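*Asks:* Shown below is the structure under consideration.
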Amino acid sequence: MSKTIKPFLPLNVVVLTVSDTRDESTDTSGAYLVEAIINAGHKLVEKKIVKDDKYQLRACVSAWIASPDVQVVLVTGGTGFTLRDSTPEALSVLFDKEVEGFGELFRSISYQEIGTSTVQSRAVAGLANYTAIFCMPGSTGACKTGWNGILKEQLDASHRPCNFVDHLLPAGSLCESRG
């Protein structure tokens, strides 16, 4: 039985930086993600910087989840333990399904880079209305870890045995069987 190799399919991606202090000139994490998605062949639909306020975050991401023009939301920032960090609490309530493995794998890869400090990462991900939402820490290094270690392959329809692309299309299908 031969498996069909699927071609790369460009996805519509938005980038959200969560920060009380950054602007476009200092947002190196958001800029990195924009460059990475474009270099990978995806389409940047929008990039925003939003204050670390759970209601503003929910409003922004909810609009993207409702839009048929957005398939992936990449969020950087607000995943730590300071009083203002609220990204996981703000966005996880919007998920139809949580992608537990994202945070687990992110921390595993990150451990190789920053050691036990990775326990302070609350990277989370979920699916909602055929939209994937991936929340990463706000450092540029963390965004590189998330993109290069996980997202680049998982947002590529040709990656096997499975990837998220099928789940982002209204006629989504399950991963190929491993048998």
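*Asks:* In region 21-30, which residue that is assigned to a loop (DSSP other than H, G, I, E, B) and touching a residue at least 24 places away in the same chain (Cβ under 8 Å) is nearest to Leu11 (Cα to Cα)?
*Replies:* Looking at residues that are assigned to a loop (DSSP other than H, G, I, E, B) and touching a residue at least 24 places away in the same chain (Cβ under 8 Å), I get Glu24.
*Asks:* Further question on the same structure: Among Ser86, Ser29, Ser62, Ser19, which is the only one that is within 16 Å of Thr131 (Cβ to Cβ), out of contact with any Pro (no Cβ under 7 Å at 6 or more places or on another chain), small (Gly, Ala, Ser) and surrounded by 13 or more Cβ atoms within 10 Å (Cβ to Cβ)?
*Replies:* Ser62
*Asks:* Taking region 141-166 as the region of interest, how many residues are polar (S, T, N, Q) and either out of contact with any helix residue (DSSP H, G or I) (no Cβ under 7 Å at 6 or more places or on another chain) or under 23 Å from Arg58 (Cα atoms) (or both)?
*Replies:* 3
*Asks:* Here's a check for you: in region 31-81, which residue that is in a loop (DSSP other than H, G, I, E, B), modelled with pLDDT of 95 or more and of a type in the set (S, T, N, Q) is farthest from Val13 (Cα to Cα)?
*Replies:* The selected residue is Ser67.
*Asks:* Test Gly126 against the stated conditions and say whether it is of a type outside the set (S, T, N, Q), farther than 15 Å from Ile37 by Cα and within 10 Å of the chain's Cα centre (by Cα).
*Replies:* Taking the combined requirement at face value, the residue satisfies it.
*Asks:* Turning to a different aspect of this structure: Select, from Thr131, Thr140, the only residue that is closer than 20 Å to Val34 by Cβ, surrounded by 23 or more Cβ atoms within 10 Å (Cβ to Cβ) and not hydrophobic (A, V, I, L, M, F, W, C).
*Replies:* Matching residue, one of Thr131, Thr140: Thr131.
*Asks:* Please verify whether region 100-111 includes one or more residues that are among the aliphatic types (A, V, I, L, M) and buried (at least 19 other Cβ atoms within 10 Å of the Cβ).
*Replies:* No: region 100-111 contains no residue that is among the aliphatic types (A, V, I, L, M) and buried (at least 19 other Cβ atoms within 10 Å of the Cβ).
*Asks:* How many residues does region 143-163 hold that are in contact (Cβ under 8 Å) with a residue 24 or more places away in the chain, in a loop (DSSP other than H, G, I, E, B), surrounded by 15 or more Cβ atoms within 10 Å (Cβ to Cβ) and touching an Asp or Glu at 6+ places or on another chain (Cβ under 9 Å)?
*Replies:* 1
Conditions tested, residue by residue: (1) closer than 23 Å to Thr26 by Cβ; (2) of a type in the set (S, T, N, Q).
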| residue | (1), (2) |
| --- | --- |
| Gly80 | yes, no |
| Leu83 | yes, no |
| Ala90 | yes, no |
| Gln112 | no, yes |
| Ala128 | no, no |
| Gly141 | yes, no |
| Asn148 | yes, yes |
| Glu153 | no, no |
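The values are calculated or read from the model by the stated rules, or taken from the named source; none is laboratory data. What you see is a predicted model, and the numbers here were worked out from it, not measured in a lab. Cβ atoms come from the backbone with ideal geometry, glycine included; neighbour counts cover every protein chain shown.
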